[in-house]
Amino acid sequence: MTDFKQLVRVFLTDKIRIVGSVITVYVAATLLSLVPALFNGPVFDKCWSNLMLLYAAGWGSVAALLAGALLAYSNEKVYRTNRYRLLPVSNGKLYSANLFSSFLAYILVFLAELIFVLIYYLFNIKTVRALIAHSFAGFELRLSLILVFAFLVGLLTMVFWWSIASLVHLLTATITRTLPDKHQLIAQCLIYAALIMAVVRTYFAVKAWWSQLADLPFMVTSVNAYLSPVWAALILLVLTLVLGVINVWLLEHQVETKQ
Amino acid sequence: MEKTLELSAVSYQRNQQLILNQINLTVAPGTIIGLLGENGSGKTTLMRCIAGLAQGVTGQIFINGHSSVVERKAQVSYLDALGGFSRRTKIADVVEFYAAVYPDFNVDQYRELSDFLKNINGQQKLGDLSQGQKEKLLLSLALARQTAVYLLDEPFKGLDNHTRKQLLRSLVQWKSPDSVIIICDHYLTELTGVLDEVVILNERQLVAREKISRLKQQQISLEDYYEQQLVQKWGE
């Protein structure tokens, strides 16, 4: 049997390559965005770090989205190719190794963004400390915890969306398999469209309820600001686990590779 | 009878079509079987069922007594077209992948096979390989695993006449004495030399099975036997 660690290592090799390209483009885009400022002046006064953080944050969102989308595509390829489905491992192991390796690779994107934040912090220690001291007046401040859990929520949100993407993909494969051979492509497109619409509608329907649930401990205790992201992380984890169980069942009983 | 592979009432349906219907087959250790049939008769699907790739298979498949899909996958080496690797992947990376994920992959045997087949060097990319070179690589990868069953689906399609004959002769020497090989190909005359048995699939069913030694005794060529079986089936 293939070892779980080996499986993660193999997946990670491919995924780090994907994320590496995204990070390279991200760093290049942030630095290149500073070039016009070199000629206009602001780079040489005290504002350069503000400008850098601004561009880093802007390009960072694009990089995070791009890396998320490319990793989602890479995840889905695993379920329909013989390269991975022939491996002597259970579908549960295959699914979790696939998702876990994407999770690890995605952390690298966050770390690249963190480097720009740290550079900003190093050149603006006093400003940042003053800002933190005033922003959380009246709360029990545990900034490190807030940051750790906010980071975790960011990562878990992506894992949650990857699980949703897998559900849509695997359900489409399952339904298509039961339909006649003719006009498969059209049927596939229609099923994808219908499932994506259903997911978006469900998401907006439960979003308000979900936000209230995530703020519940904050509203009750009112002093532990860091509890809000903890609660959100927990909800995301439970939902991701439920989706995982459904996806593994579909892999086990319905979804096969392309012939 | 000792058996490495056993299929019992195996049926498979997809896209509202019955593709395999009640296949029964028992294969003794060390046997090399030729799986013949027209295009669309279900040969590749049968191999996919044995390899554990097909879902919703009814009936039972045992390899050395194991029926669970994971156990079966561990005991089957399936000649795959390397789907899932990009055209830019280097051969060395493919070999590294096989060595990492298949505990039974023997790198030394791969090198031996690769040298014998005058394979390309490890730095070449998959996209740069000719069809023949690709087939040689696939065969080297499939045969370098130490498994109970080898499933070779059209393994010689891109190979020149000389390499094909050379490879067929060597199949017997590379395989371990107990392992089973199932070959599905259209080069019937050349296959006869290495096969122990032939199995014919037609219209989703297994219609005939015969030992090659018996055909030789009766002085019937494999082509003639194949034709006879199909004509007989059409007559019905």
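Just a few scattered comments:
- The mean number of Cβ atoms from other chains found within 10 Å of a Cβ in peptide A:169-182 is 2, as a whole number.
- Residues of chain B: accessible area per residue with a 1.4 Å probe, Å²: 44 Å²
- Take every Cα pair under 8 Å whose residues are at least 6 apart in sequence, average their separation, divide by the length of the range B:84-145, and the relative contact order is 48 percent.
- Degrees between helix B:161-174 axis and first principal axis of chain B (Cα, 0 to 90, nearest 10): 80 degrees
- Rounded if a/c under 1.5, otherwise prolate or oblate - chain B, Cα gyration tensor axes: prolate
- Contact order normalised by residue count of chain B, Cα under 8 Å, 6+ apart, percent: 26 percent
- The range A:1-135, relative contact order [Cα under 8 Å, separation at least 6], %: 41 percent
- Projecting the Cα atoms of B:Thr44, B:Tyr225, B:Ser213 onto the charge dipole of chain B (Cβ charges, centred on the Cα centre) puts B:Thr44 farthest toward the positive pole.
- Surface exposure of the range A:1-135, expressed per residue as accessible area with a 1.4 Å probe, stands at 52 Å².
- Unit charges on C-beta of K, R, D, E only; dipole of chain A, Debye: 360 debye
- For the segment A:85-94, counting C-beta atoms of other chains within 10 Å of every residue's C-beta and taking the mean gives 5.
- Rounded accessible area of B:Lys134 (nearest 10 Å², 1.4 Å probe): 70 Å²
- Charge dipole of the protein assembly as shown about the Cα centre (unit charges at C-beta), most positive-ward option of A:Ala232, B:Thr89, A:Tyr121: A:Tyr121
- Spatially proximal aspartates and glutamates relative to A:Lys207 (Cα-Cα < 18 Å; intrachain offsets below 8 disregarded): A:Asp215
- Relative to the longest principal axis of the Cα atoms of chain B, the long axis of helix B:131-143 lies at roughly 80 degrees.
- Computed over neighbours whose Cβ is under 12 Å from that of B:Phe62, the net charge equals 0, Lys and Arg +1, Asp and Glu -1.
- Split the accessible area of the range A:1-135 by element, probe 1.4 Å, and carbon with sulfur accounts for 74%.
- Where B:Val198, B:Val107 fall by accessible area, highest first, once all protein chains stay in place (1.4 Å): B:Val107, B:Val198
- Restricting the range A:9-103 to chymotrypsin sites (Phe, Trp or Tyr not before Pro) that sit in a DSSP loop and have at most 14 other Cβ atoms within 10 Å of their own Cβ leaves nothing.
- Those aspartates and glutamates that a straight Cα-Cα span of less than 14 Å connects to A:Lys258, excepting residues fewer than 8 apart in one chain: A:Glu76, A:Asp181, B:Asp80
- Overall dimensions of the protein assembly as shown as given by Cα atoms, namely Rg and Dmax in Å: 28.6, 98
- Minimum 40 Å² accessible area buried by the other protein chains, the range B:35-50 residues, probe 1.4 Å, relative to alone: B:Arg48
- Members of B:Lys43/B:Lys157; A:Lys93/B:Lys125; B:Lys43/B:Lys136; B:Lys136/B:Lys175; B:Lys90/B:Lys136; A:Lys5/B:Lys175 lying beyond 23 Å, as alpha-carbon distances in this model show: A:Lys93/B:Lys125; A:Lys5/B:Lys175
- Test item: B:65-75 mean partner chain Cβ contacts at 10 Å: 3
- Only Lys, Arg (+1) and Asp, Glu (-1) charged, at Cβ; the protein assembly as shown dipole about Cα centre in debye: 900 debye
- Cleavage-rule hits (trypsin sites (Lys or Arg not before Pro)) in the range A:24-100: DSSP loop, at most 12 neighbouring Cβ within 10 angstrom: A:Lys46
- Inter-label distance, nm, simple model (7 Å from Cα along the C-beta direction), B:Asn21/B:Gln217: 3.2 nm
- When +1 charges are put on Lys and Arg Cβ atoms and -1 charges on Asp and Glu Cβ atoms, the dipole computed for chain B relative to its Cα centre reaches about 400 debye.
- Annotation: A:Met1 carries an accessible surface of approximately 110 Å², with a 1.4 Å probe and no ligand, DNA or RNA atoms counted.
- Candidate aspartates and glutamates for bridging to B:Lys165, where Cα separation is under 16 Å - those fewer than 8 sequence places away on the same chain excluded: B:Glu135, B:Glu154, B:Asp185, B:Glu190
- Accessible area buried, both sides summed, chains A and B with 1.4 Å probe, Å²: 2700 Å²
The values are calculated or read from the model by the stated rules, or taken from the named source; none is laboratory data. Note that the coordinates shown come from a computational prediction; the quantities given were computed from them, not determined experimentally. Cβ atoms come from the backbone with ideal geometry, glycine included; neighbour counts cover every protein chain shown. All accessible areas refer to the heavy atoms of the entire protein, side chains included, with ligands and DNA or RNA removed. Shrake-Rupley method; radii C 1.70, N 1.55, O 1.52, S 1.80 Å.
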